[in-house]
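Read through the structure below, which is laid out as structure tokens, and then see the notes.
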Amino acid sequence: MSILSLIFPEKCAFCGKALKTIGVCDTCKTELPWWGGCEELADGLKITAPLKYEGKARFALLNFKFHGRKNHARTFADLMEVCIQNHYGADSFDAVTFVPLHWLRRLKRGYNQTELLANALSRKFGVQVLKTLTKPKRAKANSGLNSAQRAGNVTDAFRIKCSSGVSGKRILLIDDVCTTGATLRETAKILIQAGASDVICAAVCRTV
């Protein structure tokens, strides 16, 4: 064990317990709200996620998203990798992309959590990260909105940033949490219109 790991030990993303290596502590492995399923949202678009959006998973994801816990991306990506392998296979996509933030929100937060997830997953699968999408429309946050309101909130909120790398590619689209699927459906539609041959989706959590 290195001196740095003694001074700054890895911690469980879900409870903060010190660990010898990155991962999930034994207690959280039994207590987390596991989902691990694969669901069709609409028009053949599929979503997989390791966790339900509740309890310890919700707490850890909110810390990751709003409180600077960027290192959680590695743990979440490890869990997402298993679902992606199980339901899609490692050779089912050519590139990874992610749901963008409006530039003001990204500036305030300092990072885009979905981009961190995409970067971690690209290293695991050995594929390129494509910064394909942008969000020029500063929409309200989806939290607290019903299905119809979420769909209206994301309509025309996204644009293709660069279509040259998308054409003919099978794309893995990453978000942090999938509730109604409105954001993923809208962004996947734009990728298909830009020439992507297929889009599949993965998130950390699914609202079940």
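Put simply, of 46, 52 the only residue that is open to solvent by 30 Å² or more (accessible area, probe 1.4 Å), among the basic types (Lys, Arg) and touching a Ser or Thr at 6+ places or on another chain (Cβ under 8 Å) is 52. Within region 165-195, the set of residues being over 21 Å from residue 64 (Cα atoms), part of a loop (DSSP other than H, G, I, E, B) and open to solvent by less than 10 Å² (accessible area, probe 1.4 Å) comprises just one member, 166. I'd like the residue in region 76-85 that is open to solvent by less than 10 Å² (accessible area, probe 1.4 Å) and aliphatic (A, V, I, L, M) and, out of all such residues, is nearest to residue 107 (Cα to Cα). Filtering region 76-85 for residues that are open to solvent by less than 10 Å² (accessible area, probe 1.4 Å) and aliphatic (A, V, I, L, M), the one nearest to residue 107 (Cα to Cα) comes out as 77. Just a yes or no: is a residue in region 109-116 touching a residue at least 60 places away in the same chain (Cβ under 8 Å), under 14 Å from residue 201 (Cα atoms), assigned to a helix (DSSP H, G or I) and under 17 Å from the mean Cα position of the chain (by Cα)? So far as region 109-116 goes, yes, one or more of its residues are touching a residue at least 60 places away in the same chain (Cβ under 8 Å), under 14 Å from residue 201 (Cα atoms), assigned to a helix (DSSP H, G or I) and under 17 Å from the mean Cα position of the chain (by Cα). Looking across 145, 121, 107, one residue alone is modelled with pLDDT of 90 or more and surrounded by 16 or more Cβ atoms within 10 Å (Cβ to Cβ). It is 121. Restricting region 55-75 to residues that are in contact with a Pro (Cβ under 8 Å, 6 or more places away or on another chain) and crowded, with 16+ Cβ neighbours inside 10 Å leaves a set whose member that is nearest to residue 175 (Cα to Cα) is 57. Suppose the filter is touching an Asp or Glu at 6+ places or on another chain (Cβ under 6 Å) and either farther than 21 Å from residue 196 by Cβ or surrounded by 20 or more Cβ atoms within 10 Å (Cβ to Cβ) (or both); does residue 22 pass it? Yes, satisfied.
Meeting the requirement of 1 or more residues that are touching a residue at least 24 places away in the same chain (Cβ under 8 Å) and aromatic (Phe, Trp, Tyr), the helices (runs of 4 or more DSSP H) wholly within region 12-100 are 55-66, 72-87. Just one of the numbered conditions (1) over 18 Å from residue 66 (Cβ atoms); (2) open to solvent by 20 Å² or more (accessible area, probe 1.4 Å); (3) at pLDDT 95 or above; (4) not charged (D, E, K, R) is not true of residue 208: (3).
Taking the criterion of being open to solvent by 30 Å² or more (accessible area, probe 1.4 Å) and within 19 Å of residue 188 (Cα to Cα), the residues of region 92-104 that qualify are 94, 101.
The values are calculated or read from the model by the stated rules, or taken from the named source; none is laboratory data. Since we're looking at a predicted model, the values are computed, not measured. Here the Cβ is made from the backbone with ideal geometry for all residues, glycine too, and neighbour counts use every protein chain on show. Only protein heavy atoms, including side chains, enter the accessible area calculation; ligands, DNA and RNA are left aside. Shrake-Rupley method; radii C 1.70, N 1.55, O 1.52, S 1.80 Å.
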